[in-house]
Every structure is written in C-alpha cells, then in structure tokens.
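*Asks:* Below is the structure I would like to discuss, written out as structure tokens.
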Amino acid sequence: MKANIGITAKNTQQVTEILSKLLADEFVLYTKTRNAHWNVEGPDFFDKHKFFEGQYEQLDDLMDEVAERIRKIGHYSPGTLKSFLELTHLTEQRTGQTNALNFIKDLVADHESVIIFLRENIEHVEDKLGDVGTSDFLTGLLKEHEGMAWFLRAHIK
C-alpha cells in the first residue's frame, strides 16, 4: 500500500534520494569508525578503542533511523555495499598511520562533510519538497553529527 502522507510521489522520491545519499554516508562513516576501533594503536589504545566503540554504536543507531525514515515516507532503503559506495559523498580512503590522531582527523573531516550535506538539504526538503517531518529529522541528525565531531575535535587539541 502506498503512503498517503500529503507529499507528492515526485517529492517523496526526491526526499528519498537525499536520504539514500545520507544513509550511504552514515554507513561509510560507521565502517571507518569501526576500522578505527579495530586498528587503533599507541599508548592511548584502550581509551581510544572504547571511544571509537561509543561513536560507531551511535552511528549504528543513526543509520537505522535514516533507513526507517525512508520507509516511513513510502520507499525502500538502499542496503548493499555497492549501492552505498555509489551513493556516498565520502571516501573509503584514509590517511596516515594507525594512531588515534590520524583516525580522528579522518573522522572529523567525514562528520563535517555530513554536516555540510545536512545543512544544504534541510531547508530544501521543507520549503521546496514540503516534507517538514524529514526536515526536522535532518535537523536532529545535524545536531548529532555536530556533537560527534566536537567530541572528536576535542581529542586533537
């Protein structure tokens, strides 16, 4: 049964395209954070190992929320590695050695990229596509990523 939520099919398709790109970004960021958790080395290993664990757990929840938002507006979520890699704005590449500082710098850059993407789409989704619910949802995600980026940046000082 099609969702009858007061938004045109064309507009929910456009919202889904935005959310699908976001879901792909969340998945790549989650994977990179898992990589940091698994492979971090150095004298601060235990602390950063646990820190990255908390971050990837938070991202896991965010991914689920994005996928469910797509379903709520009547579409199917992408769910393959191939589709995520085709949709993402992020890169799988990382820079530097396997110390915490290099992982953190990479992750901060990715969170900031997601934050910019969210900022670019919040008003568009509400004003042009008429989806206040998704706009509000994106604003909540923006706050989550700002908080996560702040926690990461605090380790760099």
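The values are calculated or read from the model by the stated rules, or taken from the named source; none is laboratory data. Note that the structure is a prediction, hence the values are computed from the model and not measured. Cβ placement follows ideal geometry from the backbone for every residue including glycine, while neighbour counts extend to all protein chains displayed.
*Asks:* Check Lys157 against each of (1) assigned to a helix (DSSP H, G or I); (2) charged (D, E, K, R); (3) surrounded by fewer than 17 Cβ atoms within 10 Å (Cβ to Cβ) and name the one condition it does not meet.
*Replies:* That leaves (1) as the condition not met.
*Asks:* Return the residues of the stretch 98-111 that are in contact (Cβ under 8 Å) with a residue 40 or more places away in the chain and more than 20 Å from Val66 (Cα to Cα); say none if nothing qualifies.
*Replies:* Thr98, Asn99, Ala100, Leu101, Phe103, Ile104, Lys105, Asp106, Val108 - these are the residues of the stretch 98-111 that are in contact (Cβ under 8 Å) with a residue 40 or more places away in the chain and more than 20 Å from Val66 (Cα to Cα).
*Asks:* Something else about it: Can you pull out every residue in the stretch 30-44 that is touching a residue at least 40 places away in the same chain (Cβ under 8 Å) and either closer than 14 Å to His155 by Cβ or in contact with a Phe, Trp or Tyr (Cβ under 9 Å, 6 or more places away or on another chain) (or both)?
*Replies:* Result: Thr31, Lys32, Thr33, Asn35, Ala36, Asn39, Val40, Gly42, Asp44.
*Asks:* Now for a different question. Checking the structure you have, find out if any residue of the stretch 116-139 is surrounded by 15 or more Cβ atoms within 10 Å (Cβ to Cβ), over 18 Å from Asn11 (Cα atoms) and aliphatic (A, V, I, L, M).
*Replies:* Among the residues of the stretch 116-139, not one is surrounded by 15 or more Cβ atoms within 10 Å (Cβ to Cβ), over 18 Å from Asn11 (Cα atoms) and aliphatic (A, V, I, L, M), which makes the answer no.
To keep it simple, each residue is scored yes or no on (1) polar (S, T, N, Q); (2) within 20 Å of Glu17 (Cβ to Cβ); (3) under 11 Å from the mean Cα position of the chain (by Cα).
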site	(1), (2), (3)
Leu101	no, no, no
Asp106	no, no, no
Leu118	no, yes, yes
Ile122	no, yes, no
Lys128	no, yes, no
Thr134	yes, yes, no
His155	no, no, no
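*Asks:* Can you pull out every residue in the stretch 45-95 that is in contact with a helix residue (DSSP H, G or I) (Cβ under 7 Å, 6 or more places away or on another chain) and aliphatic (A, V, I, L, M)?
*Replies:* Residues satisfying the conditions are Leu59, Leu62, Met63, Val66, Ala67, Ile70, Ile73, Leu87, Leu90.
*Asks:* So, one more: Filter the stretch 1-38 for residues that are assigned to a helix (DSSP H, G or I) and hydroxyl-bearing (Ser, Thr, Tyr); which is farthest from Arg71 (Cα to Cα)?
*Replies:* Within the stretch 1-38, the match that is farthest from Arg71 (Cα to Cα) is Thr33.
*Asks:* Filter the stretch 11-43 down to the residues that are at pLDDT below 95 and either on the phi > 0 side of the Ramachandran plot or among the charged types (D, E, K, R) (or both) and list them by number.
*Replies:* Matches in the stretch 11-43: Glu41, Gly42.
*Asks:* Just checking, which of Lys72, Lys48, Lys157 is in contact (Cβ under 8 Å) with a residue 12 or more places away in the chain and either among the aliphatic types (A, V, I, L, M) or over 26 Å from Val15 (Cα atoms) (or both)?
*Replies:* Lys48
*Asks:* Among residues belonging to the stretch 1-20 that are touching a residue at least 60 places away in the same chain (Cβ under 8 Å) and crowded, with 19+ Cβ neighbours inside 10 Å, point out the one that is farthest from Pro78 (Cα to Cα).
*Replies:* Looking at residues that are touching a residue at least 60 places away in the same chain (Cβ under 8 Å) and crowded, with 19+ Cβ neighbours inside 10 Å, I get Ile7.
*Asks:* Tally time: how many residues in the stretch 39-98 are assigned to a loop (DSSP other than H, G, I, E, B), within 16 Å of the chain's Cα centre (by Cα) and not hydrophobic (A, V, I, L, M, F, W, C)?
*Replies:* Total satisfying the criteria: 8.
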